[in-house]
Ligand code: HEM
């Protein structure tokens, strides 16, 4: 008689199958973990903040560029509470994340929550099919034909600024020059442009009225470096609940939504009551979105898109244009060359500005390169993935790889500002403002980058900036009128102008709430 207990064959088979399954699960977890590519990284300055505090308080692009020099085009950095972010500066990897497999790289829940609070949802908050549906309903209002029409509105808005400056100069004692806060004026032009083209609405900004929406956005900017704001900005991806704390910044975000929604609702009802289909109301960007109401979009989705346009269209363009005037004020040679070209186009049209004025285009592109409105774009991998690389990279355990394996949940940052200004990509003069670089052949490394003229300013792929042609047309119209009629000089010598992180990254004289320039009239008109 056997001393071993008697086992039924079926029990033995069941236990064996169970053991095999456990083994498969454990080894797949182990394999999955070991399959993740170990990336090189800087030391963490703090467990609580990781590198976020330095990035938010300093010029983040300079940090990312310094790490690129040390670690190459792919590395990771410490983030709050022991978490990590993978930094991608390799062109092929960027294109994979933003283009080839973009819907696997989604927004962090915390960032989506911010868009929900400020905008009530909208294209920036959606993924996959919902995003495609929203994007499709916005596209017709941003066609070439539409932008050709909007350009006439941009030119009207900036002509009002020109007339105001002329009468202010007349009122000056010596009538020679006056000090102008370019930040305020560029805010006004940008808000008026989105008001006119987007909503067929005169906000009165170019006549000196500051709209409550612009006020709230400025307040959000002002609060960016307070400890409460740093908490929200630094921790929102890991702990979206910070948005529920009774902090000033959270309160301001709600105010922004309330005031934008008021504008959107009043425009919507005006448009619904408008008798004729051919009025200017019906040529606006928002009118084209409303055509999708009831079919592709619900009423609340239309309102959230109107809010998105106000927010996305205003601050980024205003900031970029302000930086451009700072650069022109300290680079008189560039300013003079641009004015010479503009003299040939006393009343420029959309076509001329788009195709015939190479130096105007070069100045605009150089500004978009050196001063992109957004410093970074953030994503999180929805599923495990393998990201291909253009250049071989060395991992933390010394392997040389042509791709990296990541797990679902990996946070990714594409550092727009650093990529646009990197010496390793653009050459030794990459930090200088030189529009001439656009009139010759670009460095090979820069040409590998996709996006808008090899710039990451508007990112790339199905989620790229849908308003880029709108903002470039507006930017060109503003330069064409103001630089032709006025000279711009710095308040002192320009060296006191610093980057201040507001909602975007603003140019300001130290100790001033704006960029102060000396403006005088071009006499040879
Ligand atoms: C110089 C000016 C501008 C800059 C630098 C800029 C930059 C950007 C960037 C980087 C994104 C991608 C954000 C991300 O996914 O992380 C974006 C998206 C977007 N932008 Fe702009 N933008 C500008 C002007 C405008 C204007 C004038 C409008 C509207 C008329 C606009 C509307 C949008 C919208 C709706 C999106 C979301 C697109 C999507 O998710 O499919 N932008 N912009």
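No value in this document is a laboratory result; all are computed from the given coordinates. As the structure is a computational prediction, the values presented were derived from the model and not from experiment. With ideal geometry, Cβ positions are generated from the backbone for all residues, glycine too; neighbour counts draw on all protein chains shown.
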Note to self: If I stretch the segment between residue 495 and residue 219 completely, what's the gain in nm (0.36 nm per residue apart, minus their alpha carbon distance), one decimal?
What the structure shows: 96.7 nm
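Order of 46, 190, 374 from fewest to most other C-beta atoms within 10 Å?
Values: 46 12, 190 28, 374 17.
The fewest-first ordering by Cβ neighbours comes to 46, 374, 190.
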Check: How do 434, 69, 254 line up, fewest other C-beta atoms within 10 Å first?
Finding: 69, 254, 434
Notebook entry, point to check: If you find the alpha carbon centre of region 75-143 and of region 404-457, how far apart are they in angstrom?
Noted result: 19 Å
Next item on the list: Would you calculate the separation in nanometres between label points at residue 164 and residue 258, each defined as 7 Å from the Cα along the Cα-to-beta-carbon direction?
Entry: 2.7 nm
Notebook entry, point to check: residue 270 versus residue 144, label points 7 Å from Cα toward the beta carbon: distance in nm?
Noted result: 3.1 nm
Item checked: Modelled label reach - residue 127, point 7 Å along Cα→Cβ, region 71-103 residues with backbone N closer than 11 Å -> 103
Note to self: What would the Debye equation give as log₁₀ I(q)/I(0) for region 387-525 at q = 0.09, 0.15 Å⁻¹, counting only Cα atoms as equal point scatterers?
What the structure shows: -0.45, -1.10
Check: If contacts are Cα pairs under 8 angstrom and at least 6 residues apart, what is the relative contact order of region 31-521 in percent?
Finding: 25 percent
Notebook entry, point to check: Taking the Cα atoms only, what angle lies between the long axis of helix 144-171 and the longest principal axis of the chain, rounded to 10 degrees?
Noted result: 50 degrees
Checklist line | Contour excess over end-to-end distance, with Cα ends at residue 44 and residue 399 and 0.36 nm allotted per residue | finding: 125.5 nm
Check: For the chain, max minus min Cα coordinate along each principal axis, in Å, sorted largest first?
Finding: 119, 57, 44
Margin query: Can you give me the distance in nm between label points at residue 352 and residue 382, each placed 7 Å from the Cα along the Cα-to-Cβ direction?
Written below: 4.8 nm
Item checked: Per-residue Cβ neighbour rank within 10 angstrom, fewest leading, 308, 218, 355 -> 355, 218, 308
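How much mean residue ellipticity at 222 nm does the chain get from its helices, if each DSSP H run of length 4 or more adds -39500 (n - 2.57) and you divide by all residues, to the nearest 500 deg cm²/dmol? All intermediate terms of the calculation are to be shown ahead of the outcome.
On the way: 20 runs with 259 residues, N = 525.
After summing the helix terms and dividing by residue count, I get -15500 deg cm²/dmol.
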Item checked: Extension gain from residue 179 to residue 100, taking 0.36 nm per residue of separation minus the Cα-Cα distance -> 23.6 nm
